[in-house]
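Have a look at the structure below before the remarks.
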């Protein structure tokens, strides 16, 4: 079982089921695998820690993802890896991914990853 902690700004959407995915950086710990159950929290390692969803949801899909700026005008771009190859996501689908991940706009999502991790960002898209 893998646990994910969410910033307070994303917690309400996770609780209501509006947010059923998360984009995470690659790190020392492994990410969930399809079929595993996820524990979703906010405030981990604090007195305000609480579990957001009961029962634990099942991981449906995990895709390597890249968030970057493309072209001379530095337009936001996303790519997912399928069968070992990164493929750009169509512009309309980028907006759908941003909204599903709890952002109001594509620009807000790109700004979050640029500020938090730097661009280009590579990690995984975990869906439940």
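The values are calculated or read from the model by the stated rules, or taken from the named source; none is laboratory data. If you're wondering where the values come from, they're calculated on a predicted model, not measured in any experiment. When we count neighbours, we look across all protein chains shown, and the Cβ atoms used for this are built from the backbone with ideal geometry, even at glycine.
Residue-wise test of (1) surrounded by fewer than 16 Cβ atoms within 10 Å (Cβ to Cβ); (2) modelled with pLDDT of 95 or more; (3) within 12 Å of residue 125 (Cα to Cα); (4) touching a strand residue (DSSP E or B) at 6+ places or on another chain (Cβ under 8 Å).
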position	(1), (2), (3), (4)
1	yes, no, no, yes
15	no, yes, no, no
33	yes, yes, yes, yes
41	no, yes, no, yes
66	no, yes, yes, yes
- Query: Counting only residues that are assigned to a helix (DSSP H, G or I) and closer than 25 Å to residue 33 by Cα, which one in the range 113-126 is nearest to the chain's Cα centre (by Cα)?
  - Reply: 113
- Checked pairs for the range 1-18, first closer than 13 Å to residue 57 by Cβ, second surrounded by 17 or more Cβ atoms within 10 Å (Cβ to Cβ) and modelled with pLDDT under 95, C-beta under 9 Å and 6 or more apart or across chains, list as none
- Message: I'd like to verify a number: residues in the range 115-128 that are out of contact with any strand residue (DSSP E or B) (no Cβ under 8 Å at 6 or more places or on another chain) and on the phi < 0 side of the Ramachandran plot, how many?
- Response: 2
- Message: Can you confirm whether residue 102 is at positive phi and touching a helix residue (DSSP H, G or I) at 6+ places or on another chain (Cβ under 9 Å)?
- Response: yes
